Amino acid sequence: MTVLEQPGSSRRKGGLPGPPPAWHPRVDPAPLLPDAEPHRVLGTDAARQLDAALLKRLYVQLVRGRRYNTQATALTRQGRLAVYPSSTGQEACQVAAALALQERDWLFPSYRDTLAAVARGLDPVEALTLLRGDWHTGYDPRVCRIAPLCTPLATQLPHAVGLAHAARLRGDDVVALALVGDGGTSEGDFHEALNFAAVWQAPVVFLVQNNGFAISVPLAKQTAAPSLAHKAVGYGMPGRLVDGNDAPAVHGVLTEAVRRAREGGGPTLVEAVTYRVDAHTNADDATRYRTADEVEAWRAYDPIALMERELTARGLLTDDFTAATRDGAEEMAADLRERMHQDPALDPDDLFTHVYAERTTQLRQQSDQLRAELAAEAATDEPAQEARP
């Protein structure tokens, strides 16, 4: 259908000429609009219908994720990590995102989403390698189906769209799930990704973790939209609004969005309303832009406490289950702590190994130059060591 063939009148009331037919909506916007309130499951009648095994699995991952966050934060204070952006308080978003995907799907995380990668099965040490400063990426993305952790805001979103679109062209049954923070929605990459995804009907899901602040800038100072989920309508995709501290609710919404994308329904934008309890990173002083009372109010709405309340009500939170869950989390933390305290053996030539599949002439020259400089430095050090008494 061409522009001029689209339905619509070319005359206004009173006989005045109207705009060409192309101005008419291409789709009905009503079904794309998010609900007025975030979707919730815990504390509602729908919670009684939840699968007990799923609830317990979510709880185990939440407890493990909280322990992972506290251990990674401690490693930063000990100098074993250069920086750590904690996801304490928003673990439900991270865990639900990982569990909503199938093994063949792809996860596209931001720098704060190491927990999502770990919940998907990535070794915690490999997840933290970038933040340690050793490698650009501490794992093989093709093996684990997790894209490299993305530090620049929102640049992973067009990559997710491209991968999802390419997978569909090849006939691969693959969905990409891309995570981004509320601050990332103000970046051009966010808008470009949503537009391309909707036009191409790419099998991709965007999860915005709205934790209240883009570093020190509150959401109200970066957008006047009714919600971030409403931005989906402008691109022609559904917007969903969900309680980001309600793990089963986030899991349900994402599972449905992934299913829809896999079946050819196109992309979905999901906004999960949560809160960043810890500072932006260990280098941030959050007391400069928010009050302790605000943080404490959100601590009372902790995602782990919400799950424990539901599990207790259903008789699923037994002493043995609780002990096994916490023991498993402590074992993970102990292993992470021990291995992160070991100094890694680094090869300077790795600087050139993973830039391209095959080294360019310039990279080969740079590698040769580095080896020559290291050899000359070693030769200079040897006589000095021999001269020592």
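Note that the range 118-132 has calculated 3J(HN,Hα) couplings of 5, 5, 7, x, 6, 4, x, 5, 5, 5, 9, 4, 4, 6, 7 Hz, one per residue in order, obtained from phi through the Karplus relation 6.51 cos²θ - 1.76 cosθ + 1.60 (θ = phi - 60°); glycine and proline are x.
Considering only alpha-carbon pairs that sit under 8 angstrom and 6 or more positions apart, the relative contact order computed for the chain is 20 percent. Can you check what the net charge comes to around Leu128, using other residues whose Cβ is under 11 Å from the Cβ of Leu128 (Lys, Arg +1; Asp, Glu -1)? Residues near Leu128 contribute 0 overall.
As I understand it, the value is the acute angle between the Cα axis of helix 319-340 and the longest principal axis of the Cα atoms of the chain; what does it come to in degrees, rounded to 10? Here the helix axis deviates by roughly 50 degrees. Taking amide H positions as modeled 1.01 Å from N, with prolines and chain starts lacking one, the residues under 5 Å from Leu42 and 5 or more places away or on another chain are Ala249.
By a 1.4 Å probe calculation restricted to protein chains, Asp123 has an accessible surface near 40 Å², given to the nearest 10.
The angle between the Cα long axis of helix 52-77 and the main principal axis of the chain comes to about 50°, on a 0 to 90 degree scale.
A Gaussian network model of the chain, with springs between Cα atoms under 10 Å, assigns the largest mean-square fluctuation among Arg26, Arg120, Arg309 to Arg26.
Over the range 43-158, all Cα pairs binned in 5 Å intervals from 0 give whole-percent P(r) values of 2, 11, 21, 23, 20, 11, 6, 4, 2, 0, listed from short to long. Expressed in Å, the radius of gyration and Dmax of the Cα atoms of the range 291-354 are 20.1, 57.
Positive end of the charge dipole of the range 262-389 (Lys, Arg +1 and Asp, Glu -1 on Cβ, about the Cα centre): tell me which of Ala333, Thr312, Ala323 has its Cα farthest that way. So the residue we want is Thr312.
The Stokes-Einstein estimate for the range 177-252, based on a Kirkwood radius over Cα pairs and taken at 4 °C with 1.567 mPa s viscosity, is a diffusion coefficient of 99 µm²/s.
Divided by 2.2 N^0.38 Å, where N counts the residues, the Cα radius of gyration of the range 43-82 comes to 1.78. Extending 7 Å from Cα along the Cβ direction at Ile215 and again at Glu330 yields two label points whose distance is 3.9 nm. Taking all protein chains together, Trp106, Trp298 sort by accessible area into Trp298, Trp106, largest first [probe 1.4 Å]. Under a 5 Å amide H cut-off, with hydrogens placed 1.01 Å from N, Arg240 pairs with Leu269, Val270, Glu271 among residues at least 5 apart or on other chains. In the elastic network of the chain, a GNM with C-alpha springs shorter than 10 Å, the most mobile of Ala119, Ala220, Ala345 is Ala345. Note on the chain: Cα convex hull, mean projected area over all directions, 28.4 nm². At what distance in angstrom do the alpha carbon centres of the range 347-375 and the range 269-316 lie from each other? Comparing the Cα centres of the range 347-375 and the range 269-316, I get a distance of 45 Å. Of the residues Ala154, Ala197, Ala378, the one that moves most in a GNM of the chain with alpha-carbon contacts below 10 Å is Ala378. As a length-normalised measure over Cα pairs under 8 Å and 6 or more apart, the relative contact order of the range 171-260 settles at 30 percent. Enter the angle in degrees (range 0 to 90, nearest 10) between the Cα long axis of helix 156-170 and the first principal axis of the Cα atoms of the chain, meaning the one along which they spread out most. Approximately 70 degrees, to the nearest ten. Relative to the Cα centre, the charge distribution of the chain, modelled as +1 at Lys and Arg Cβ and -1 at Asp and Glu Cβ, gives a dipole magnitude of about 1560 debye. 3J(HN,Hα) along the range 227-239, derived from phi through the Karplus expression 6.51 cos²θ - 1.76 cosθ + 1.60 where θ = phi - 60°, amounts to 7, 5, 5, 5, 5, 4, 4, x, 10, x, 10, x, x Hz, with x in place of Gly and Pro.
Taking only the Cα atoms of the range 256-341, the ratio Rg/Rh comes out at 1.09, with Rh defined as the Kirkwood radius. For the range 203-323, the alpha-carbon radius of gyration amounts to 1.26 times the rule-of-thumb value 2.2 N^0.38 Å expected for a compact globular protein.
The values are calculated or read from the model by the stated rules, or taken from the named source; none is laboratory data. Quantities reported herein were computed from a predicted structural model and do not represent experimental measurements. Neighbour counts run over all protein chains shown; Cβ positions are idealised from the backbone, glycine included. The accessibility values were calculated without ligands, DNA or RNA, using every heavy atom of the protein model including side chains. Shrake-Rupley method; radii C 1.70, N 1.55, O 1.52, S 1.80 Å.
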